[in-house]
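The values are calculated or read from the model by the stated rules, or taken from the named source; none is laboratory data. From a predicted model like this one, the values you see are computed outputs, not experimental measurements. Glycine also receives a Cβ, built like all others from the backbone with ideal geometry; neighbour counts cover every protein chain displayed. Accessible surface is based on the protein model in full, side chains and every heavy atom, while ligands, DNA and RNA are left aside. Shrake-Rupley method; radii C 1.70, N 1.55, O 1.52, S 1.80 Å.
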Amino acid sequence: SSSHGASVGDFVSFASLTAVDGLTTDNLNKEHEILSVPSATTFTVNTGGSATSGSVAGGGSSGTAAFQIAIGLNSTVLGPGWGAGTWGRFTWGSASGSLAGQTLRLWFADDFGEDIICNIADGAIYYWDATNAVTTRAVLLSSRTGASDVPTVTRKLLVSDIDRHVLCFGANPVGSATQDPLLIRWSDQESSVDWTPTATNTAGDLRLSQGSEIITAVRTSRQILVWTDHSLHSVQYVGAPYTFSTALLADNTRIAGPNVALSINDLVFWMGQENFYVYDGRIQVLPCSVREYVFDDLNTQQSFKFHAGSLSSQTEIWWYYCSADSSEIDRYVVYNYGQQVWYYGTLTRTAWNDRASGQRSFPQSASTDRFLYNHEKGLDDGSQSPSTAVPAYIQSADFDIGDGDQFMLIRRIIPDLSFTGSSDSTPAVTLTMQSRDFNGKAVTETVTGTVEESSSDVYTNQVFLRARGRSMNFKVSNADTGVNWRLGAPRLDVQADGRR
């Protein structure tokens, strides 16, 4: 073909090709994945057919090759050098880098009635019409009937639910093809195609007063929150003649990436570059007991991969992120806003959707292995066959008696554990006590015991453990399939010991 600009992994659809050398039209006229790109004008695909001779001079007749949108990068590639990228994009001391044209491929999508309107991050806008069924692809919004001054580039789009405007954040101005990273544009009310401001419609634009670029935006029931690289703004519908107005909420607030903010019950939670935050009419730093664990081991160069998801049934917000030595999502941190506690773990999930009433029975997520996973289904890890256990534990902080001026002796534990919902006939957990002679020093003694429940409802009422130390901690854990447990209020038989 002529210079195609395609890369390995992109897709192309052939049409009007005729059968040749044993290859049928069904082999040829379909969608193909590009396997190699020997030159700017040639590429290789696998038709799935078998040639008769393997060599036919001139081949078959000419046809058309429709190239799909390039798949883009799967990781951010930073540009080197002083001055690359906007000032303040990363925390002080981070490597310099330019994300312009080098970010991984992100899509943003929203409902427009029964249809879908979407955009590539820092790219064009597309429209999918549900009346054409799922066999029809989305098309450029600018190609639809009546399209007028549709933005050609935007960071992210949203549909304002109440007033039915499409808003583009970080768009090109009317009459210019150059992206303005602080410009917000919106369409005429109830229209996705009319973006030309006139005296008789509500299309328009405004520019934020703080920041160097818009990072993301999140819709709530009352307003839209917009983050730049170091500020937070509110955008609200005010009606004629201005349509939307903006207010600066904070000028020293950062966000880690475009997908780490989440609106739940009119509270907005997000991951910053050094803290977690919540907005409930005012901006507050969330007290986080695992803050150092998360932010001291973070790959900020892949922040466009970080994402947040809700697990509403458990009042949880999950943030997935890349640890410092990983270029792919490998960790998560969870905030339980119902109990106001934090927990963390390791898991590779590249996207997340909470369960939706009438649509999905379970939360779903995607992974780098190209599978979709149901979560909160069963007790075990079903990504492998046979299923494997999901190891779990809860561990207390160190505790002492008398402000640590005396040693203590623990002789037994009354566990207060429930195994309701377990599929194992004899579910069990391990109790572990660790003791230290001096606070902050190495563990000097570790003792363990088991709590189990048999099929005849025989339950371990008490566990006899002997542990001695100035401070101790208590842990409950399991790594067996089919085990579901809940911890109540365990009681420890403790007495002061003679040692000091």
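Out of the range 126-150, which residues are touching a residue at least 40 places away in the same chain (Cβ under 8 Å) and surrounded by 15 or more Cβ atoms within 10 Å (Cβ to Cβ)?
Correct list: Tyr127, Leu141, Ala147, Ser148, Asp149, Val150.
Please determine whether any residue of the range 172-180 is of a type outside the set (S, T, N, Q), part of a loop (DSSP other than H, G, I, E, B), in contact with a strand residue (DSSP E or B) (Cβ under 9 Å, 6 or more places away or on another chain) and closer than 22 Å to Ala109 by Cβ. Steps first, answer last, please.
Of the range 172-180, the ones of a type outside the set (S, T, N, Q) are 173-175, 177, 180.
Restricting the remaining residues to those that are part of a loop (DSSP other than H, G, I, E, B) gives 173-175, 177, 180.
Now drop any that are not in contact with a strand residue (DSSP E or B) (Cβ under 9 Å, 6 or more places away or on another chain), which leaves 173-174, 180.
From what is left, the residues that are closer than 22 Å to Ala109 by Cβ are none.
Checked against the condition, which is being of a type outside the set (S, T, N, Q), part of a loop (DSSP other than H, G, I, E, B), in contact with a strand residue (DSSP E or B) (Cβ under 9 Å, 6 or more places away or on another chain) and closer than 22 Å to Ala109 by Cβ, the range 172-180 yields no hits at all.
Identify, by number, the condition in (1) closer than 22 Å to Thr136 by Cβ; (2) of a type outside the set (Phe, Trp, Tyr); (3) without any contact (Cβ under 8 Å) to a residue 60 or more places away in the chain; (4) open to solvent by 60 Å² or more (accessible area, probe 1.4 Å) that Asn46 doesn't meet.
The number of the failed condition is (1).
Could you please tell me which pairs satisfy a Cβ distance under 7 Å, a separation of 6+ or placement on different chains, a first residue in the range 457-478 that is within 16 Å of Ser396 (Cβ to Cβ), and a second residue that is β-branched (Val, Ile, Thr) and not in a strand (DSSP E or B)?
These pairs meet every condition: Gly469/Thr444.
Looking for whichever is at positive phi, open to solvent by less than 60 Å² (accessible area, probe 1.4 Å) and at pLDDT 90 or above here; the options are Gly482, Gly488. Which one fits? Reasoning before the result, please.
On the way: Gly488 fails: at positive phi.
Answer to the check: Gly482.
Would you please list the contacts, defined by Cβ atoms under 7 Å and residues six or more apart or on different chains, that run from a residue in the range 360-378 that is hydroxyl-bearing (Ser, Thr, Tyr) to a residue that is assigned to a loop (DSSP other than H, G, I, E, B) and loosely packed, with under 14 Cβ neighbours inside 10 Å?
Cβ pairs passing all conditions: Tyr373/Ser383.
Can you find a residue that is assigned to a strand (DSSP E or B), under 30 Å from Val443 (Cα atoms) and more than 36 Å from the chain's Cα centre (by Cα) anywhere in the range 389-403?
First, pick out the residues of the range 389-403 that are assigned to a strand (DSSP E or B): 392-395, 399.
This time we only want the ones that are under 30 Å from Val443 (Cα atoms), so: 392-395, 399.
Narrowing further to those that are more than 36 Å from the chain's Cα centre (by Cα): 399.
Yes, the range 389-403 contains a residue that is assigned to a strand (DSSP E or B), under 30 Å from Val443 (Cα atoms) and more than 36 Å from the chain's Cα centre (by Cα).
Output the residue which, of all residues in the range 232-277 that are outside any strand (DSSP E or B) and in contact with a Lys or Arg (Cβ under 9 Å, 6 or more places away or on another chain), is most open to solvent (accessible area, probe 1.4 Å). Walk me through it before giving the result.
Applying the first criterion (outside any strand (DSSP E or B)) to the range 232-277 yields 240-242, 251-260, 265-266, 272-275.
Next cut, in contact with a Lys or Arg (Cβ under 9 Å, 6 or more places away or on another chain) only: 257-259, 266, 272-275.
Working: Gly257: 3, Pro258: 5, Asn259: 48, Asp266: 45, Gly272: 0, Gln273: 36, Glu274: 104, Asn275: 35 Å².
Checked the range 232-277; the qualifying residue most open to solvent (accessible area, probe 1.4 Å) is Glu274.
Looking at Ala19, Ala51, Ala70, Ala66, which is the one that is of a type in the set (A, V, I, L, M), more than 29 Å from the chain's Cα centre (by Cα) and under 22 Å from Thr136 (Cβ atoms)?
Values: Ala19 fails: under 22 Å from Thr136 (Cβ atoms); Ala51 fails: under 22 Å from Thr136 (Cβ atoms); Ala70 fails: more than 29 Å from the chain's Cα centre (by Cα).
From the options Ala19, Ala51, Ala70, Ala66, the qualifying one is Ala66.
Any residue at all in the range 383-397 that is open to solvent by less than 70 Å² (accessible area, probe 1.4 Å), without any contact (Cβ under 8 Å) to a residue 40 or more places away in the chain and closer than 30 Å to Ser303 by Cα? Before you say what the answer is, go through the steps one by one.
Residues of the range 383-397 open to solvent by less than 70 Å² (accessible area, probe 1.4 Å): 383, 387-389, 392, 396.
Subset that is without any contact (Cβ under 8 Å) to a residue 40 or more places away in the chain: 383.
Next, only the ones that are closer than 30 Å to Ser303 by Cα stay: 383.
Within the range 383-397, one or more residues are open to solvent by less than 70 Å² (accessible area, probe 1.4 Å), without any contact (Cβ under 8 Å) to a residue 40 or more places away in the chain and closer than 30 Å to Ser303 by Cα.
Which condition number in (1) at pLDDT below 95; (2) open to solvent by 30 Å² or more (accessible area, probe 1.4 Å); (3) in a loop (DSSP other than H, G, I, E, B) is the one that Glu328 fails?
Among (1) at pLDDT below 95; (2) open to solvent by 30 Å² or more (accessible area, probe 1.4 Å); (3) in a loop (DSSP other than H, G, I, E, B), Glu328 violates only (1).
Answer yes if at least one residue in the range 415-428 is within 26 Å of the chain's Cα centre (by Cα), surrounded by 15 or more Cβ atoms within 10 Å (Cβ to Cβ) and not in a loop (DSSP other than H, G, I, E, B), and no otherwise. Quick ask: steps written out before the conclusion?
To start, the set of residues in the range 415-428 that are within 26 Å of the chain's Cα centre (by Cα) comprises none.
Scanning the range 415-428, I find no residue that is within 26 Å of the chain's Cα centre (by Cα), surrounded by 15 or more Cβ atoms within 10 Å (Cβ to Cβ) and not in a loop (DSSP other than H, G, I, E, B), so the answer is no.
Would a scan of the range 286-294 turn up a residue that is out of contact with any Phe, Trp or Tyr (no Cβ under 8 Å at 6 or more places or on another chain), in a helix (DSSP H, G or I), modelled with pLDDT of 95 or more and open to solvent by 30 Å² or more (accessible area, probe 1.4 Å)? Let's see the steps before the verdict.
So the first thing to find is which residues in the range 286-294 are out of contact with any Phe, Trp or Tyr (no Cβ under 8 Å at 6 or more places or on another chain), and the list is 287, 292.
Next cut, in a helix (DSSP H, G or I) only: 292.
With modelled with pLDDT of 95 or more added as a condition, the list becomes 292.
From the residues that got through so far, the ones that are open to solvent by 30 Å² or more (accessible area, probe 1.4 Å) too are 292.
Yes, the range 286-294 contains at least one residue that is out of contact with any Phe, Trp or Tyr (no Cβ under 8 Å at 6 or more places or on another chain), in a helix (DSSP H, G or I), modelled with pLDDT of 95 or more and open to solvent by 30 Å² or more (accessible area, probe 1.4 Å).
Among the residues that make up the range 127-135, is at least one of them under 27 Å from Asp266 (Cα atoms), part of a strand (DSSP E or B) and not polar (S, T, N, Q)? Break it down into steps so the answer makes sense when it comes.
Step one: list which residues in the range 127-135 are under 27 Å from Asp266 (Cα atoms), which gives none.
No, because not a single residue in the range 127-135 is under 27 Å from Asp266 (Cα atoms), part of a strand (DSSP E or B) and not polar (S, T, N, Q).
Here are the criteria: (1) among the aromatic types (Phe, Trp, Tyr); (2) without any contact (Cβ under 8 Å) to a residue 60 or more places away in the chain; (3) surrounded by 13 or more Cβ atoms within 10 Å (Cβ to Cβ). Tell me which single one Phe407 does not satisfy.
(2)
Kindly indicate the residue of the range 430-473 that is assigned to a strand (DSSP E or B), among the charged types (D, E, K, R) and more than 42 Å from the chain's Cα centre (by Cα) and also surrounded by the fewest Cβ atoms within 10 Å (Cβ to Cβ) among those meeting that condition.
Start the filter on the range 430-473 by keeping residues that are assigned to a strand (DSSP E or B), which leaves 430-436, 445-453, 459, 463-469, 471-473.
Now narrow it down to the ones that are among the charged types (D, E, K, R): 436, 445, 452-453, 466, 468.
Filter again for more than 42 Å from the chain's Cα centre (by Cα), leaving 466, 468.
Working: Arg466: 11, Arg468: 18.
Ranking the candidates gives Arg466 first.
Please go through the range 13-42 and give me each residue that is open to solvent by less than 50 Å² (accessible area, probe 1.4 Å) and touching a residue at least 40 places away in the same chain (Cβ under 8 Å), ordered by number.
Residues satisfying the conditions are Ser13, Phe14, Ala15, Leu17, Val20.
Out of Leu225, Leu157, report the one residue that is within 23 Å of His307 (Cα to Cα), of a type outside the set (Lys, Arg) and either out of contact with any His (no Cβ under 8 Å at 6 or more places or on another chain) or not in a strand (DSSP E or B) (or both).
Details: Leu225 fails: either out of contact with any His (no Cβ under 8 Å at 6 or more places or on another chain) or not in a strand (DSSP E or B) (or both).
Just a single option satisfies the conditions, and that option is Leu157.
Looking at this structure, is Tyr344 modelled with pLDDT under 95 and closer than 21 Å to Ala392 by Cβ?
So Tyr344 fits the description; yes.
Could you say which residue among Val166, Val174 is touching a residue at least 24 places away in the same chain (Cβ under 8 Å) and open to solvent by 20 Å² or more (accessible area, probe 1.4 Å)?
Values: Val166 fails: open to solvent by 20 Å² or more (accessible area, probe 1.4 Å).
Val174 is the lone residue from the list that is touching a residue at least 24 places away in the same chain (Cβ under 8 Å) and open to solvent by 20 Å² or more (accessible area, probe 1.4 Å).
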